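Quick notes on the structure that follows.
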Amino acid sequence: TKEPMLHDEL
Amino acid sequence: MNVFRLLGDVSHLVAIIILFLKIFRSKSCAGISGKSQVLFALVFTTRYLDLFTSFISIYNTVMKVVFLVLSYATVYLIYLRFRSSYDSESDTFRVEFLLVPVAGLSFLENYDFTPIEILWTFSIYLESVAILPQLFMITKTGEAESITTHYLFFLGLYRALYLANWVWRYHTEGFFDQIAVVSGVVQTIFYCDFFYLYVTKVLKGNSKLTLP
C-alpha cells in the first residue's frame with residue numbers, strides 16, 4: 001500500500 | 001484493539017517503567033546504554049508528532065504522552081541526575097551507523113513523501129535497531145543485572161506481541177502495515193538470542209546474566 005494512513009498503533 | 005495489541009502495549013509500558021524505577025531507586029544507571037535511551041526518546045518524538053495533527057483515542061493520546069515523558073525522564077536521569085554512574089566507556093556503539101542508514105531508508109521507502117510521514121517511517125525503522133547499543137554494551141561487558149534483563153525481556157516481548165496483533169488484524173480487518181510489520185520482524189529477531197539467554201539463565205535463578 002502506498003496510501004497515506006492514520007497510524008492508530010503506538 | 002485486540003488482546004495481543006493491549007498486552008503488547010502493557011509490556012512496552014512495563015519495560016519502560018522497570019528501567020525508569022531501576023535507575024531512580026538505585027540512583028545509578030550502571031549497565032544501561034544512554035545511547036539506546038536517547039534513540040528511544042528520538043523514536044517517540046518523531047513518531048508521535050501526530051499528537052498535534054490527529055486524534056485517535058484517549059487511550060492512544062495518554063499512552064503516547066506517557067511514553068514521551070518517561071523516555072525523556074530516563075534520558076535525564078542517565079545524562080544529568082546520575083551522570084556519575086553512567087558507564088560511557090562501555091557505551092561505545094557508533095549511533096551514526098544506525099541513524100544515517102535509517103534516515104536514508106525512511107526517505108526512500110515510505111507511504112507518503114511528507115515530513116510527518118517520513119518522520120513516522122524514520123521512527124519505525126529506528127525503533128527496530130535502537131536497542132543495539134544496549135545489546136552491544138552487554139556483549140562488551142559480558143554481563144547484565146537481572147533487572148536490566150527484565151527490562152529487555154518486556155521490551156522484546158512488546159514487539160513480538162505486536163507481530164501477533166498484526167496477524168490478527170490482517171485476518172480480521174485486512175489491515176497490513178508493511179513498513180511496521182517488516183521492521184517489527186527485524187526488531188524481534190534482534191531479541192531472539194537474548195530471549196534464549198533470559199529463559200535459560202535468568203529465569204533459572206541466576207542473579208545476573210553472564211555471557212558464555
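The values are calculated or read from the model by the stated rules, or taken from the named source; none is laboratory data. Computed from a predicted model, the values in this text were never measured in an experiment. When we count neighbours, we look across all protein chains shown, and the Cβ atoms used for this are built from the backbone with ideal geometry, even at glycine.
Descriptive notes on the structure:
- As for region B:181-194, it holds at least one residue that is β-branched (Val, Ile, Thr), part of a helix (DSSP H, G or I) and within 14 Å of another protein chain (Cβ to nearest Cβ).
- Among residues of region B:1-43, those that are of a type outside the set (Phe, Trp, Tyr), surrounded by fewer than 19 Cβ atoms within 10 Å (Cβ to Cβ), within 14 Å of another protein chain (Cβ to nearest Cβ) and in a helix (DSSP H, G or I), counted: 5
- B:Thr172 being part of a helix (DSSP H, G or I) and more than 24 Å from B:Glu127 (Cα to Cα): yes
- Test for B:Thr46: is it more than 12 Å from B:Phe20 (Cα to Cα), within 11 Å of another protein chain (Cβ to nearest Cβ) and modelled with pLDDT of 95 or more: no
Yes/no per residue for (1) within 14 Å of chain A (Cβ to nearest Cβ); (2) under 30 Å from B:Lys27 (Cβ atoms):
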residue: B:Glu96; (1), (2): no, no
residue: B:Glu117; (1), (2): yes, no
residue: B:Ile124; (1), (2): yes, no
residue: B:Phe136; (1), (2): no, yes
residue: B:Ala144; (1), (2): no, yes
residue: B:Phe154; (1), (2): no, yes
residue: B:Leu161; (1), (2): yes, no
